[in-house]
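A quick write-up on the structure given underneath.
Values quoted throughout were computed directly from the atomic coordinates according to the rules given, and no laboratory measurement underlies them. This one's a predicted model, so the numbers in the text were calculated from it and none came from an experiment. A quick note on method: Cβ atoms are made from the backbone with ideal geometry, for glycine too, and the neighbour counts reach across all protein chains shown.
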Amino acid sequence: MQPDKGKIRQRFARAAATYDRQAVVQQEVAARLLRLLARHTGGPPRRVLEIGCCTGILTAGLIRQYPGITDLYVNDLVPQFEPLVAARIPPGVRLEFLGGDIEAMALPDALDLVISSSTLHWLENLPALLDRLHDRMARHATLCFSIYGPGNLRELRELTGIGLDYRSLAELRQMLAQRFSVVSCEEELLTHLCPNPLALLQHLRQTGVNALATVPWSRPRLGDFIRQYEHRFACQGGVGLTYHPVYCLARKDE
């Protein structure tokens, strides 16, 4: 299923006020991504591009980890996120917010680091973006990102038939190896626990992750969804929702 970027922009804009509270998994994924970067990074990056900054969860952690960043370019499809991210940036860091579709805009050059968390699965043509990023990165620059794999939100796909065409770890590794020197690719499965299916739907809405929903919830459809979800995916403490983050780090060889 191809994502509708207009709908993605709309749903994430609506979730701006609730995202930080609900995005527990995304915060955990961003933290692990920064740990991966710390393990494989030499000198601190100076010129950085972050793709899909959202409210600035990863941005804030990146600045704490690398206070020497001088030029920070942050991109998001949702312009309403700009003041939220700017509020997290300390004095001395030159911040430029690049609002809009990363696949269609001009990119900054001489980048030491390109980083992205929980975003790139929304793109229409990831290989084309990787080619463009490679051209704009400095010698020995690092590309570090988390993206979601085929097991992501599997419960929703099984019940509704709706879901993105996620790439596997092997596919991502091969895609990177055609353009970069692959340093690390790893994955995990995380379960987000909700007290009931209604709370789960609220979690999706308040993080913007429901951007693929195309049909309004009628009372009969909602009731059937609740019954099936409880029957098939109940666990101790409520119902579970699977997230499948894949973490990749690569370098430009030249």
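Quick look at the numbers
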read-out: Rh (Kirkwood; distinct C-alpha pairs) - segment 103-254, Å; value: 17.3
read-out: Förster radius 35 Å - calculated FRET efficiency between Cys235 and Arg64 (Cβ-Cβ, nearest 0.05); value: 0.50
read-out: Per-residue [θ]222 nm for the chain (sum of -39500 (n - 2.57) over DSSP H runs n ≥ 4, rounded to 500); value: -11000 deg cm²/dmol
read-out: Separation between Cα centres of segment 139-213 and segment 33-47, rounded to whole Å; value: 22
read-out: Distance between modelled label sites at Leu222 and Glu103, nm, 7 Å Cα→Cβ extension; value: 3.2
read-out: Full-stretch length increase - Ala170, Ala17 - with 0.36 nm per residue and alpha-carbon distance subtracted; value: 51.5 nm
read-out: Separation in nanometres of the label points that stand 7 Å from Cα toward Cβ, at Arg35 and Val93; value: 2.1
read-out: Of all DSSP beta bridges in the chain, antiparallel share, percent nearest 5; value: 50
read-out: Reference-scaled alpha-carbon Rg (2.2 N^0.38 Å with N residues) for segment 160-200; value: 1.75
read-out: Degrees between helix 5-14 axis and first principal axis of the chain (Cα, 0 to 90, nearest 10); value: 80
read-out: Debye, to nearest 20: dipole size of the chain, +1 on Lys, Arg Cβ, -1 on Asp, Glu Cβ; value: 420
read-out: Percent of Cα-Cα distances greater than 24 Å, calculated over segment 1-105; value: 24
read-out: Where only alpha carbons of the chain are counted, the Rg and the Dmax (Å); value: 18.3, 58
read-out: Pairwise FRET efficiency - Glu158 versus Arg46, Cβ, R0 = 35 Å, nearest 0.05; value: 0.15
read-out: Under 15 Å from the Glu124 label point (7 Å along Cα→beta-carbon), backbone N, segment 23-58; value: none
